[in-house]
Amino acid sequence: MKVQKESESAFHVENLHVHQYQYSNVHVFSLAVGGAIARNDMSVIIDRESTECNLNGLYITSGEQLIDHHTFMHHIHPNCPSHELFKGILTGSSRAVFNGKVYVEPEAQKTDSKQTNRNLLLSDTAVVDTKPELEIFADDVKCTHGAAVGGMNETHSFYLKTRGISEENAKGILTVGYAAEATEKIFHPILRRHVDRIVVDHLRAKLGTGNLPDIVHA
């Protein structure tokens with residue numbers, strides 16, 4: 001697990017490389033909230049059968065920040081699942097980039113790979129560039145990828161407001177719930193609670209409200 005919350009005047013560059021062998025199971029989670037410019041490169045080589053990789057992350061940007069993620073998942077052998085979920089929350093005039101690629105060799109039959117990138121824009125001036133990619137040379141696989149960029153769900157917000165919750169609090173509840181889907185992927189419960197606290201404290205500071213609820217996982 002990695003937590004990046006450096007000064008917002010800092011420049012951060014990171015490269016993570018994982019080479020997996022048989023029967024290994026990798027769980028990686030990246031939280032990125034700091035830095036003026038932050039670049040995160042993550043590459044995984046799945047080099048034997050019966051291995052699994054879970055690569056997940058959450059990034060929260062504000063002001064003029066730029067946070068950039070590039071992932072590469074290389075399937076060489078058959079019967080190996082991989083899953084990626086990266087979510088972003090953007091405010092101010094900040095910008096985020098996500099470029100993820102899953103590469104499946106001809107020998108990597110029965111590959112089960114899912115890659116998802118979702119972004120929540122809380123201002124009209126925040127920008128996301130997202131490009132999930134699949135490059136598949138095997139014919140017996142189950143691979144999906146997708147990306148979404150949008151604002152607050154007005155239907156959900158309206159539902160909360162009809163229950164007597166103010167617009168500001170409704171926005172906070174929905175934002176925290178959105179972040180929780182990402183932090184739920186953290187394998188270890190103690191580390192998950194630690195990251196949940198960092199996320200909520202950061203959102204309280206950036207959204208200018210102390211009324212955000214804590215993250216509670218089922």
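Quick notes on this one:
Each row is one residue, and each column tells you yes or no for (1) under 27 Å from TYR23 (Cα atoms); (2) among the charged types (D, E, K, R).
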position	(1), (2)
LEU55	yes, no
THR61	no, no
GLU84	yes, yes
LEU90	no, no
THR111	yes, no
GLN115	yes, no
SER123	no, no
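- Taking the criterion of being more than 30 Å from GLU49 (Cα to Cα), out of contact with any strand residue (DSSP E or B) (no Cβ under 7 Å at 6 or more places or on another chain) and either small (Gly, Ala, Ser) or surrounded by fewer than 12 Cβ atoms within 10 Å (Cβ to Cβ) (or both), the residues of the stretch 3-32 that qualify are SER7, SER9, ALA10.
- Residue in the stretch 98-113 that is within 21 Å of GLU184 (Cα to Cα) and either hydrophobic (A, V, I, L, M, F, W, C) or in a loop (DSSP other than H, G, I, E, B) (or both) present: yes
- Subset of the stretch 54-91 (residues that are crowded, with 20+ Cβ neighbours inside 10 Å, under 29 Å from LEU203 (Cα atoms) and more than 12 Å from the chain's Cα centre (by Cα)): THR61, SER62, GLN65, LEU90, THR91
- Qualifying residue in the stretch 141-148 (condition: part of a loop (DSSP other than H, G, I, E, B), within 21 Å of LEU31 (Cβ to Cβ) and modelled with pLDDT of 95 or more): no
- Among residues of the stretch 38-71, those that are out of contact with any Asp or Glu (no Cβ under 7 Å at 6 or more places or on another chain), of a type in the set (D, E, K, R) and either over 24 Å from PRO81 (Cβ atoms) or outside any strand (DSSP E or B) (or both), counted: 5
- Output for the stretch 17-37, where each listed residue is among the hydrophobic types (A, V, I, L, M, F, W, C) and outside any loop (DSSP other than H, G, I, E, B): VAL18, VAL26, VAL28, PHE29, LEU31, ALA32, ILE37
- Of all residues assigned to the stretch 3-16, at least one qualifies as being in a loop (DSSP other than H, G, I, E, B) and in contact with a His (Cβ under 8 Å, 6 or more places away or on another chain).
- Cβ-Cβ under 6 Å pairs, at least 6 apart or on other chains, the stretch 76-93 side over 14 Å from HIS145 (Cα atoms) and in contact (Cβ under 8 Å) with a residue 24 or more places away in the chain, far side in a strand (DSSP E or B) and polar (S, T, N, Q): GLY88/ASN119; LEU90/THR61
- Some residue of the stretch 16-31 being within 20 Å of the chain's Cα centre (by Cα) and over 30 Å from PRO78 (Cα atoms): yes
- Test: residue in the stretch 183-192 that is charged (D, E, K, R), touching a strand residue (DSSP E or B) at 6+ places or on another chain (Cβ under 8 Å), within 30 Å of LYS110 (Cβ to Cβ) and surrounded by fewer than 16 Cβ atoms within 10 Å (Cβ to Cβ): no
- Test: ILE165 is in contact (Cβ under 8 Å) with a residue 40 or more places away in the chain, β-branched (Val, Ile, Thr) and farther than 23 Å from GLY63 by Cα: no
- Flag if VAL97 is surrounded by fewer than 19 Cβ atoms within 10 Å (Cβ to Cβ), modelled with pLDDT of 95 or more, within 25 Å of TYR178 (Cβ to Cβ) and out of contact with any Gly (no Cβ under 8 Å at 6 or more places or on another chain): yes
- So ILE37, is it at pLDDT 95 or above, within 30 Å of GLY150 (Cα to Cα), surrounded by fewer than 17 Cβ atoms within 10 Å (Cβ to Cβ) and not hydroxyl-bearing (Ser, Thr, Tyr): yes
The values are calculated or read from the model by the stated rules, or taken from the named source; none is laboratory data. Since the structure is predicted, the reported quantities are computational estimates derived from the model, not experimental observations. Backbone-built Cβ (ideal geometry, glycine too); neighbour counts: all protein chains shown.
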